[in-house]
1. Show me, bin by bin at 5 Å from 0, the whole-percent P(r) of segment B:503-619 based on Cα pairs.
2. Quick check for me: using +1 on Lys/Arg Cβ and -1 on Asp/Glu Cβ, what's the dipole size of segment B:10-159 about its Cα centre, in debye to the nearest 20?
3. How long is the gain from B:LYS616 to B:VAL60 if the chain were fully straight, where each residue apart is worth 0.36 nm and the alpha carbon distance is subtracted?
4. In vacuo Debye scattering of the protein assembly as shown, one point per C-alpha: log10 I(q)/I(0) at q = 0.08 Å⁻¹?
5. Over all directions, the average projected area of the alpha-carbon convex hull for segment B:460-528 comes to how many nm²?
6. For chain B, what does the convex hull of the Cα positions come to per residue, in cubic angstrom?
7. I'd like to know which of B:PHE113, B:ALA137, B:LEU98 lies farthest towards the positive end of the charge dipole of segment B:58-201, counting +1 on Cβ of Lys and Arg and -1 on Cβ of Asp and Glu.
8. For a 32 Å ceiling on Cα separation, which of these pairs sit above it: B:LYS283/B:LYS616; B:LYS393/B:LYS519; A:LYS45/A:LYS221?
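Read-outs: derived from the displayed coordinates by stated rules, not from any lab. None of these values were measured; they are calculated from a predicted model. Quick reminder, even Gly has a Cβ in these numbers, built from the backbone with ideal geometry, and neighbours come from all protein chains shown.
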Amino acid sequence: MSHEHAIAANGVTVRYGRKVAVDDLTLRVPTGSVYALLGRNGAGKSSLVRCLLGQRKSEAGNVTLLGMDVWSERQRLMDLVGVVPEDSDAPPQMTVRELAAFCARVYSRWQGVTFDECLDRFSISTTARFGELSKGHKKGVMLAVALAMSPEILVLDDPTLGLDVVARRSLFDEVIGEMAERGITTLITTHDLGGIEALADRVAIMKDGRIVLEEETEALKNRFRRIRFAAAPVALSNLATAAVRSWGSGTEAIVSNYDERTSERFPHAEISPLSLEEIFIAVSGEGEKS
Amino acid sequence: MTHVLAIASREIRERRMVFVAAAFLATLPFLFALLPSAARFGRAARIAGTGGILASAWAVGLAIVLGVSILSSELAQRRLSFYLTKPIGAASVWLGKLTAAWVIVLVTFAIVFVPSLMVGGSAWQTAWNTPINVVVALVALISLGLILLFHLAGTFVRSRSPLLAVDLVLGVLFAGATWLLVQPLMARLSLQNVKIVTLGVACGFAAAVIPAGVFQVARGRADIRASHAALSKFVWAASAVVLLFGGAFVAWVLSAGPSDLLSPQLGQASAGKWAWATGQAAKRNDYRPLFLIDTTTGRHFSIPASRFAASFSGDGNSAVWLRRGNLELMVTRLGGGKPRHIATGLSGPWFSVAVLSDDGTRLAAIDSNQTLSVSDVDGGRILASVKLAGSFKSHRMFFADNDTVRIYETPSRVAQPGTGTTLRAYELNIPGRGLTLTGELAAPAKSLMLTADSSGRRVLLMPNGGDGMFLLDGRSLQNMATYSVKPTWAGSFILRNGNVVIADRAAGVLGVFAGSGEKLREIRVGHASQIWAMSEIAPSRLVVLLYGRPGSYVRDFTTLVVDCERGVIERRDKVMPAQIRGYDDPRVASSDAPRQLLVEDAERRLWRWNPLTGAKTRL
């Protein structure tokens, strides 16, 4: 059965004592999309991911994957969801080969060939114990597991953490790109915004447990612009500014509702597009709003 | 099941070094045996003994370590997500880990134990004196219990949750509730049932951890605090259920009524309506309740009395009995309203005789030190206490009046090597606290049968195995009359009109004699192994029990109601009445009011029986 949204979180709240980690959050990940969930450390991403994977019950709200409640249908869903966790959690004494053998026994659609190919891609030995692998290789093994179980959804929680540049490039360009081509819904949380920028169909930014921005990547990039004025002050009425700061003797503003008419209003200003990373920094609180 | 095995084999593989360590440990008994001192005990015995100790200690230690770490360490290190991100159910995760831990303990126990067992051979049996299958079963059960209990403790402690305080409180409450649960059984010295309840509750608690582990993973998932909360919730809820089952078992044991008694022993007051019944309760292991029974209504209640039952005051409104446990003499007031128990303060180590005054206000008891003490039951004071002379004496006694205790003393059989014996009568003056020898009689027999009339003024003495029977003054033991009877004449009774009834079991007759010794008549009652005159239920109407057949004590009995004045048998019934008045008091039972007797039938069922009408009501 196809679903419009492969992942749907409705009013999810997660608390640790008095601290609210996720606050009444609603999220929809369209089926077949690559969805980037961004946020600074402590924004609540990991807590949300634990709820999305049925590892933690939210204090309020519910989560469905492929239309099934993840809390009650976790076992069934985990045969369809590949996971690369933030902290690689395979038993340290286990060799990579043993891990593959174990996974072959528990996953119904295990593809050993895919696993081996992925290991080759990251140059990981199958005889090594998991605990003895580098951080990057651990991620690579976890990724290999996630791909080899033939997922319908792939959840990657900061998958590039510890990967070297080549492996990172390989992950984004080949692996995630391939997943996207195969129509596998991919949810990725990452700090590597440069890598995900070209792949993500949609982006959400979390701050203080809430989603403060959620949009298609292209549309997002189209409406954010940096506008630099040689002289100051400048009237920015009718423009939504995400950040305003001084720039040399002039002023720099990050606006989030840019359109063609804006450039006509400021013929002498220097207007340039923003990278996803710059948008993220502006939205998640780095800018100085005036 | 596949997932359980997959997880179990993975866990075992991860801990494979434990097997190497066990193999190393298995060599130690052999190395110890090389020590020069080992030769003294025999090398085989030394290997067997050391191997057994090491293997057991290893199994216990490893069970604790694995119990603590089996799940909670992965939870604390946030590594349980490895399983939770795979299509594995909570039950598979927990049962796979539990199976692995148990298998590791058992296999490594075998690795350590089997080599020494094989070399030690029969020396092992000598050293341990326990069958091998029992040892294996014990190790298996104890290790599983330890794994489960330490899993519980490991999760509770590692979570660092404030819930731990609640767990501690609930743990103390659980232990306290278990203690309270067995108290009624302890008070009745039903130790088998105490063991069953204690073990049952402990096993039930440990067993509850098995499904609790599933619940813990299913509800707590990767969050150790949520995991702790789920485990805690399930375990304590299950423990409450275990306690309820324990309570239901205790209630069931204690619910035994008189009709549940197997081979009951019965006793009845010489007046009034109360009787007692005791015996093993059916299907209730070693539980031996003692019931005080109202024979007019069938109402009954149990008391935690020792197996030596109870005896009643002359008016039938009080009963004295020995409480189990601290062996304190207790008096229960039965006259009207709710029965009331009074602790007399007289306690063990043993009492050979204990009797109440006729009105139940005073209690006389002889303890194992041959000290006769008289106490005021309601006041709780000792009124008099005297040491009786000598040892190896048998005593029977009664309150001649509230200030006087009459004691009859005979040497016990073991202390009487000759052919004669001496009967002595004493009186204890309670206000004066003086013991006076009031009569002494030498008789040519090794033992004497003594029966007093209901007032205690006259005593019928029958030297066992001799010819003749003597009517004596109860106080001075002066001979008042002699009855010429043969040794086959047995049971005797002094009627209230002064006539004496003596049974001849060989001839199957009751002889009725005047107080002067003159035979008035013979009443043919039938042959039996024993004939006992039980009680006078109305003037000259005697309840007589015929037990067994001539020469045989086969369980066959008939109870008669005999009119000794007219010499006729008024009733025959296949019942056996309770013993009326205890052995301690030699006076015959004589009631001036018609009443029901507690009886049993051939199938050992209990009835309330009206001897005058023959009406029976099942108890």
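1. Cα pair-distance distribution for segment B:503-619, in percent: 2, 12, 21, 24, 22, 14, 4, 1, 0.
2. Numbers: 12 positive and 3 negative charges, 55 e Å.
That gives segment B:10-159 a dipole magnitude of about 260 debye.
3. Values: separation 556, 0.36 × 556 = 200.16 nm, distance 6.16 nm.
Length gained, B:LYS616 through B:VAL60: 194.0 nm.
4. One equal scatterer on each Cα of the protein assembly as shown leads to -0.86.
5. Values: hull surface 17.9 nm².
That works out to 4.5 nm², a quarter of the Cα hull's surface.
6. Working: hull volume 138.6 nm³, N = 619.
Each residue corresponds to 224 Å³ of Cα convex hull volume.
7. B:LEU98
8. Numbers: B:LYS283/B:LYS616 27 Å; B:LYS393/B:LYS519 34 Å; A:LYS45/A:LYS221 22 Å.
Long pairs (Cα-Cα over 32 Å): B:LYS393/B:LYS519.
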